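In what follows, a structure is listed as structure tokens, so that the remarks can point back to it.
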Amino acid sequence: MVVAAGTLVIGIVERVNREKRIGSVRPLYHDVGAGWEKPDRSDYPTRGRLFWRKAPDIEEGAVVSCRADHNAHGEDHFSVSDGLALPPVEDLRNLNYADAAEQLRTRMPAPQNSGRAREVYLWCADDKLVGPFKIGHAGTKSAAPGEFGRLDRVPVRSAAQAVIHGPEGKYYYYNNPTVPPADFVDCRSDEEILETALRNAVEVTKEAGIPTPELLSTRTHIQEAASLLRTSENSRDRRNKLARIERALRICSESDAIRSRASELTEQLLSHPTVASELDKIRKSTRAKALAEGRRDFESELGSLREDEAKLRSELRDLEHTLEVKRNQVIAVDQSVSQQLDNLESRVLEKVGQAVDDASELLADSVLFRALGHTADRPPKSTPVRTSRPFSSRNGAVTVNKAPEFDQFLREAANAYGLPHKALRKIHASFRAGLIPVVSGNGATAALAAYATAACAGRITSLPVAHDFLSPIDLLGVRASDPTKQRMHADLLLAASREAEAGGPAMLVLQSVNQAPTESYLLPWLQAPDRTIAVPVAVQDTVGCTHAMIHKNLLVAATAVAGVTTAPLSPYIWGFCVAIDVPAPTENHPGHVTPARLNLGAKLPTATHVHQLTARLSEFLGEYWVLDNGLSTTAHRFGDAHHEIAKGDAVANAIATSILLPALATSLPGPDLDAAAASVAKWCGIDNADTQSFRRLANRFRRRFA
């Protein structure tokens with residue numbers, strides 16, 4: 001038999017792979033133009049199945065309907081198109097539709113092995129297929145769409161046209177769009193049927209001119225309405241009302257039968273020896289339980305009252321003891337105050353007598369001092385301090401203008417000092433980006449000296465940071481805590497700026513930058529738009545200016561140390577600084593390099609590769625992105641500068657190890673820091689084997705900076 005594309009197929013789901021979202025369907029029936037037939041395995045080469053690509057979340061064993069479509073790839077010639085799970089059909093042909101719906105509503109569980117279908121149909125007596133019904137936690141409801149979505153109008157179809165016999169003796173409903181419902185039935189509960197039937201009976205008899213007895217219809221009245229409906233025109237509404245009224249009459253008859261036998265059955269049950277014995281046992285057990293529960297409640301309440309009484313007595317004793325202690329304290333204080341008043345009175349009388357005796361001598365001294373013009377001592381007016389030569393000059397330096405040529409000088413300086421070349425590259429990238437490198441590790445001082453040799457002709461000096469730095473004016477050599485006193489590095493920063501302006505690039509190192517809180521003395525300076533330090537009026541004479549501005553030729557760097565006397569770095573410092581970890585220099589190195597001087601005037605180019613790289617930061621870090629977007633700007637500038645001398649993966653690695661990891665280390669706790677470091681490594685393209693090195697570096701930064 002030839003199966004063409006578009007053939008309707010009903011089959012069973014097999015071999016579902018949820019991760020890849022694929023599966024297969026083994027045909028049970030197909031319609032090739034002559035109605036539903038059982039297919040041969042050979043009709044669906046090569047494995048007798050249809051391949052299901054992008055299969056929905058459906059269980060194996062579910063029965064589905066679909067169309068066969070040509071499969072361009074894979075072993076199976078056909079693939080699934082328009083796959084849809086078939087709802088199950090419960091075989092209740094021994095019951096009429098009302099009893100079947102009641103059984104579904106009260107006792108029947110949700111159908112099993114039916115895929116994700118949440119609908120069920122009932123195959124009732126007279127070959128009627130009623131439904132759909134929705135099975136759920138909120139009860140059974142009609143699941144038909146649109147106007148059929150009510151239990152009082154549930155569609156009825158011929159089972160022969162819609163029931164498919166599935167595997168394991170189960171039945172399923174196939175929706176044939178060309179076969180509409182034959183009728184509708186009311187599947188509500190008996191209470192609702194009776195209420196609606198009474199209303200229908202009133203309407204029908206009223207239209208026929210039959211008076212309604214008082215407020216409620218009698219059974220005779222309902223029977224008259226049923227007779228009228230049987231002889232009226234054959235419409236769907238008439239059939240629905242008639243079925244509803246006939247069901248109400250049946251309910252009334254069944255209720256009468258039960259009521260007529262209820263009294264007899266009750267008497268027989270009560271007189272039966274076994275029942276009478278059990279009732280007596282239940283009475284005694286109930287009485288005993290009530291007495292026991294009452295006794296337990298009384299004893300529990302009595303015990304609670306006794307506990308409350310004990311607590312109140314204990315609190316009373318504590319209050320009496322406290323009152324006695326306070327009374328003794330008041331007596332002691334009263335005695336002490338009286339003694340102090342007596343002593344004070346004696347001293348005052350003694351002082352007054354001495355003052356009267358020495359009055360003439362004090363008056364003479366006062367006249368003498370006024371005559372001589374004596375006044376209180378005033379501190380002499382401060383004069384500005386000037387540092388003459390903060391840098392030692394070095395002749396023979398070579399001027400370098402191009403980045404590739406300068407990178408060669410960096411390599412030679414790194415080899416001469418026994419340091420990794422990439423560390424000097426990071427220092428250079430930070431200066432080019434207008435950032436401050438915070439260098440830590442045993443090779444920090446050597447790395448800055450090596451870079452100063454390659455870029456500043458060896459012109460480098462240090463400004464030690466003290467524990468009591470409180471304001472940017474401490475950097476100018478004035479103590480913020482006592483402006484009348486100067487520090488040992490007075491005027492060093494301004495002198496270095498003047499020398500750099502006059503003689504070209506030079507470096508000033510803030511030694512041990514984390515000896516004092518950076519948010520107090522360093523961040524306010526870095527956050528100023530033009531990097532200007534406003535000098536307070538009280539120390540302007542000492543400093544020699546009202547505003548201190550650092551020349552662009554002065555490269556400011558910093559070192560950081562670890563220890564119990566250091567202060568944590570503010571997380572916001574990484575909007576202006578980068579962290580560079582430098583290991584100890586190797587022992588065997590040349591120790592000599594030709595000094596050079598870098599031309600700082602070249603404009604920093606922008607790299608598209610770096611912009612694309614930094615744009616994906618928040619995507620990878622997700623919930624660990626704890627700082628503001630200023631950090632992305634810092635990373636972008638630093639990446640552009642690094643890209644100028646190093647290409648490829650080195651840029652991402654430098655951004656990660658110099659900006660992201662230190663920023664996360666000063667913002668996250670230990671467990672979150674490890675997970676964030678792994679995300680940074682993934683952003684860099686680092687495999688799992690090297691992720692551990694990122695975690696170790698992040699934890700070193702945390703110990704040093706946080």
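Please treat every number below as a calculation from the coordinates, not as lab data. All values derive from a computational prediction rather than experimental measurement. Every residue, glycine as well, gets a Cβ built from its backbone with ideal geometry; the counts of neighbours run over all protein chains shown.
Brief remarks on what is shown
- Among beta bridges from DSSP that stay inside the range 25-111, the antiparallel ones total about 90%.
- Per-peptide average of other Cβ atoms within 10 Å, ordering 478-489, 633-644 highest first: 633-644, 478-489
- Top positive-direction residue, dipole computed over the range 8-85 with Cβ charges, set Ala62, Leu8, Tyr29: Ala62
- Label-point separation, Ser693 to Lys402 (7 Å along Cα→Cβ), nm: 3.1
- In this rough spin-label picture, where each label sits 7 Å from Cα along the Cβ direction, the Arg498-Ala528 distance is 1.8 nm.
- Scoring 72-85, 565-578 by mean Cβ neighbours within 10 Å over their residues and listing the highest first yields 565-578, 72-85.
- Subtracting the Cα-Cα distance of Glu278 and Lys647 from their residue separation scaled by 0.36 nm leaves 123.5 nm.
- Each of Ala646, Ala663, Phe705 was placed along the dipole of the range 608-705 (beta-carbon charges, centred on the mean Cα), and the one lying farthest toward the positive end is Phe705.
- Förster radius 45 Å - calculated FRET efficiency between Glu168 and Ser285 (Cβ-Cβ, nearest 0.05): 0.40
- Modelled spin-label separation between Arg306 and Ala160, with each label point placed 7 Å from Cα along the Cα-to-Cβ direction: 8.4 nm.
- Net +/- balance of residues flanking Leu673 in space, Cβ distance below 12 Å, scoring K and R +1, D and E -1: +3
- Charges were assigned to the Cβ only: +1 to each Lys and Arg, -1 to each Asp and Glu. The resulting dipole of the range 398-598 about its Cα centre is roughly 380 debye.
- Computed 3J(HN,Hα) for the range 493-503, one whole-Hz value per residue from the Karplus formula 6.51 cos²θ - 1.76 cosθ + 1.60 where θ = phi - 60°, is 5, 5, 5, 4, 5, 5, 5, 5, 5, 7, x, glycine and proline marked x.
- Taking other residues whose beta carbon is less than 11 angstrom from the beta carbon of Ala562, and scoring Lys, Arg as +1 and Asp, Glu as -1, yields +4.
- Taking the DSSP bridge list for the range 398-598 and keeping only pairs wholly inside it, about 20 percent are antiparallel.
- Chain lengthening between His467 and Cys252 when straightened (0.36 nm per residue, less Cα-Cα): 67.7 nm
- The lysines whose alpha-carbon is closer than 25 Å to the alpha-carbon of Lys134, local same-chain residues fewer than 8 away aside, are Lys170, Lys241.
- Formal net charge of residues neighbouring Asn415 (Cβ-Cβ distance under 15 Å; K, R +1; D, E -1): 0
- The range 625-706: C-alpha gyration tensor shape, a/c 1.5 cut-off, then a/b vs b/c: oblate
- Shape category assigned to the range 290-343 from the gyration tensor of Cα positions, a/c cut at 1.5: prolate
- Under 5 Å, built H, 5+ apart or other chain: amide partners of Ala557: Leu508, Val509, Leu510
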